[in-house]
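The values are calculated or read from the model by the stated rules, or taken from the named source; none is laboratory data. Source: prediction; values computed, not measured. Don't worry about glycine lacking a Cβ; one is built from the backbone with ideal geometry, like all the others, and counts go over all protein chains shown. SASA here: full protein model, heavy atoms, side chains in, ligands and nucleic acids out. Shrake-Rupley method; radii C 1.70, N 1.55, O 1.52, S 1.80 Å.
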Amino acid sequence: MRPNYKLLVLLLAIPMIACTEKDPPASENGLKIVFNHQVDNEPLITDQMIYENAAGNHYEVTEIMYFISDLTLYHSDGSVIRPSDWEDIHYTDTNIPETLEWLAGKNIPAGQYDSLTFTFGLSEERNESFMYVNPPEVNMVWPEVLGGGYHYLMLNGWWEDLQGVRQPYNFHLGIGQIYENNSGLVPDITGFVHNYFTVNPNGGPFYIAAEGISELTLTMHIESWFETPFIYDHNQWGGAIMQIQDAMYIGSMNGRDAFSIKQ
């Protein structure tokens, strides 16, 4: 008897059809954050001395690198969501375009969200020395003698001093130090200050769809680092502040309102 090939194919296909109907593929959604950088509500232009801060310093920006972590979403129903299936520390670098987008989570409850928060930099618990071994993140290392771990922020550029001379500045945030005043000697470090802080960006609400990728723009308003709530003067603090806790304190306070979100 010749086998009935048509019948055989049909019999093989039935279990596949039944399985497909019984177990449909689960839908998946996600949240993508796009990083944007502005000065006075205009897109950042690097390497040009075209900006003036609240202290009257003429300045330019060459590059910005920073970490954000511990993203938390606040649903309109009152629930607090920490996105799953994500890397919860993100590095952003204006010199590396691929870091300007972050798939911040998947399988997030759909609906309206009133706000979000994140840690700017790395918390004391998360800021572990030597956890990065490859660039670019390894380039953010903070010297062990100054507290270890990693920079929260590198905002680099130039400003014109009181004599009109172009000077470099490194507006860097990380672990601060408390020094003992030893007259005539190199001061001893007697303690450390963790300058990370929580940001609740202006803007919102925003929506996350049940399927597909929902996109949200996170904008850094660079001028805010230098003006609110404290006016920051490059002529007062100089070009490097990694060992000047008073200057880093100003940065850690001013950065709290330096971000906004928009969908």
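Cβ-Cβ contacts under 6 Å between residues 6 or more apart (or on different chains), taken from a first residue in region 233-253 that is at pLDDT 95 or above and surrounded by fewer than 19 Cβ atoms within 10 Å (Cβ to Cβ) to a second residue that is aliphatic (A, V, I, L, M) and in a loop (DSSP other than H, G, I, E, B), are listed as D233/A55; N235/L162. Of all residues in region 216-229, those satisfying the criterion of being surrounded by 14 or more Cβ atoms within 10 Å (Cβ to Cβ) and either over 19 Å from the mean Cα position of the chain (by Cα) or closer than 20 Å to W102 by Cβ (or both) are L216, T217, L218, T219, M220, H221, I222, E227, T228.
Across region 186-205, a minimum of one residue is classified as in a loop (DSSP other than H, G, I, E, B), surrounded by fewer than 16 Cβ atoms within 10 Å (Cβ to Cβ) and without any contact (Cβ under 8 Å) to a residue 60 or more places away in the chain. Considering only residues in region 113-169 that are part of a loop (DSSP other than H, G, I, E, B) and of a type in the set (F, W, Y), the one that is nearest to A55 (Cα to Cα) turns out to be Y152. Here G147 fulfils each of the conditions (1) at positive phi; (2) at pLDDT below 95; (3) open to solvent by less than 50 Å² (accessible area, probe 1.4 Å) apart from (2).
Selection of region 89-107 for residues being open to solvent by less than 50 Å² (accessible area, probe 1.4 Å) and part of a loop (DSSP other than H, G, I, E, B) yields T94, I96. When you check N29 against the structure, is it over 30 Å from V138 (Cα atoms), buried (at least 17 other Cβ atoms within 10 Å of the Cβ) and modelled with pLDDT under 95, yes or no? It is true that N29 is over 30 Å from V138 (Cα atoms), buried (at least 17 other Cβ atoms within 10 Å of the Cβ) and modelled with pLDDT under 95.
Here A210 fulfils each of the conditions (1) touching a residue at least 40 places away in the same chain (Cβ under 8 Å); (2) open to solvent by 50 Å² or more (accessible area, probe 1.4 Å); (3) within 27 Å of G56 (Cα to Cα) apart from (3).
For the condition modelled with pLDDT of 95 or more, acidic (D, E), farther than 30 Å from R126 by Cα and open to solvent by less than 90 Å² (accessible area, probe 1.4 Å), what is the one hit in E60, E42?
Details: E42 fails: open to solvent by less than 90 Å² (accessible area, probe 1.4 Å).
The unique qualifying residue is E60.
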